Every structure is written in structure tokens, then in C-alpha cells.
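Structure first, then comments.
The values are calculated or read from the model by the stated rules, or taken from the named source; none is laboratory data. Not measured: the values here are computed from a predicted model. Here the Cβ positions follow ideal geometry from the backbone for every residue, glycine too, while neighbour counts run over all protein chains shown. Accessible surface areas use protein heavy atoms only, side chains included; no ligands, DNA or RNA. Shrake-Rupley method; radii C 1.70, N 1.55, O 1.52, S 1.80 Å.
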Amino acid sequence: EKDFEPIALIGNLPMVIAANPSFAPTNIRELIAAAKAKPDSINVALTSTTARVVFELLRQSGGAPLFGVPYRGSGPATTDVLGGQLPLTIDTVTAMRPQVTSGKLRALAITSLATSELLPGVPSVAEQGLPGFEITAWNALFAPRGTPVAILNALNAEVLKSLAQAETRQR
């Protein structure tokens, strides 16, 4: 905090709870019920610290005794869920969108407060019975502390101009 000056928030990325299509639960309520029926028997691939936070909040707020399996990134976790070695993964919407839209994985929920334009039709965890459940990863641009305010303001204006473009937002 003492070494950097904020320039702009670039974006918020919701996380997605996604399953191998052969996994029986199709929503968060069914997932919680299945986990309670067989505690610690449903393995979840965790791809990042943010995924771990989503996992722990789901365990606590939903009372879902799931078992977390840490992975070194999206690639290996997605491969194992696609291959059926694990039934579930938690990852960013950008990492999961190609697999979900192609039907290779089924999204059970998104972790924004409401359905997101980033993955239309996928209900949020909050909309499925856990009100207030929201965890998003975020990206921001910073400059070294002491950068002149005029430069920070100019950079902020250019970033915001870029983010306002439809093509930038889509990517």
C-alpha cells in the first residue's frame, strides 16, 4: 500500500463453479445436499487462492462438506475435471467460459451477486439460496508511489476510455 498509487480498476472477474457433465447435481442446492449426504466425498479442483476462498465460503455458508484439491493453475485442473478424475472445479469465468459454452463442462453457479453478461444464463450462488454470496477476482493498474498526480489522472482517463470501448469490454 505504501509503495504504489492506484490508477484504475480494470475489471472484476467472477468465479465459476463448474462440473463434469456426468456429475449428478445441476445446481448449488443439489450440490450442498449431495455433499451433506456424503461428507468430504466430493472433490473440488482449486486453481487459485481466490478459488480456495470461494470454496471455503461455500463450505461455511452452505454447510457443504466438500473436499478441496489444490492445483497449480487452470490447465491441469480443467484437464482432470474434463477427464472425470474430479467432478468439480472453481475457476475464473474467463478460464471456464470456453468449456461451459462448448458443453464440455456444466456451470452450476457464478460467484457474482447476480447472473453475469460474461456467462449468460448461469445463475449466481446468491440467487440459488445463499444471499450475499459474492467473490470476484479483480485486476487493477498501479504506478509507483510518488508518480505525479497529473500522470495518474492522464493514465486513468486513457484506461477508462479504453474500457468504455465495446471491443475492449468483450475481450
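With the requirement that a residue be surrounded by fewer than 17 Cβ atoms within 10 Å (Cβ to Cβ) and either over 16 Å from the mean Cα position of the chain (by Cα) or among the small types (Gly, Ala, Ser) (or both), what does segment 42-67 give you?
Result: 60, 61, 63, 65, 67.
Just checking, how many residues over segment 135-155 are open to solvent by 50 Å² or more (accessible area, probe 1.4 Å) and either assigned to a loop (DSSP other than H, G, I, E, B) or within 28 Å of residue 15 (Cβ to Cβ) (or both)? Before the answer, list the steps.
Our first condition is that a residue be open to solvent by 50 Å² or more (accessible area, probe 1.4 Å); within segment 135-155, this holds for 138-139, 141-142, 144-146, 148-151, 153-155.
Remaining after also requiring either assigned to a loop (DSSP other than H, G, I, E, B) or within 28 Å of residue 15 (Cβ to Cβ) (or both): 138-139, 141-142, 145-146, 148.
Summing the residues that are open to solvent by 50 Å² or more (accessible area, probe 1.4 Å) and either assigned to a loop (DSSP other than H, G, I, E, B) or within 28 Å of residue 15 (Cβ to Cβ) (or both) in segment 135-155 gives 7.
Taking residue 5 and the conditions (1) surrounded by 14 or more Cβ atoms within 10 Å (Cβ to Cβ); (2) out of contact with any strand residue (DSSP E or B) (no Cβ under 8 Å at 6 or more places or on another chain); (3) among the acidic types (Asp, Glu), which numbered condition does it fall short on, given that it satisfies the others?
Status for residue 5: all satisfied but (2).
Looking at residue 52, is it closer than 30 Å to residue 143 by Cα and assigned to a loop (DSSP other than H, G, I, E, B)? It would help to see each step written out before you state the result.
Values: closer than 30 Å to residue 143 by Cα: yes; assigned to a loop (DSSP other than H, G, I, E, B): no.
No, not satisfied.
Would you please name the residue that is surrounded by the fewest Cβ atoms within 10 Å (Cβ to Cβ), looking only at residues in segment 11-27 that are among the hydrophobic types (A, V, I, L, M, F, W, C) and touching a Ser or Thr at 6+ places or on another chain (Cβ under 9 Å)?
Narrowing segment 11-27 to residues among the hydrophobic types (A, V, I, L, M, F, W, C): 13, 15-19, 23-24.
The next check asks that each one be touching a Ser or Thr at 6+ places or on another chain (Cβ under 9 Å); those that pass are 13, 15-19.
Details: 13: 20, 15: 28, 16: 29, 17: 25, 18: 30, 19: 22.
Here the residue is 13.
Which condition from (1) in contact with a strand residue (DSSP E or B) (Cβ under 8 Å, 6 or more places away or on another chain); (2) open to solvent by 20 Å² or more (accessible area, probe 1.4 Å); (3) among the small types (Gly, Ala, Ser) is the one that residue 103 breaks?
(1)
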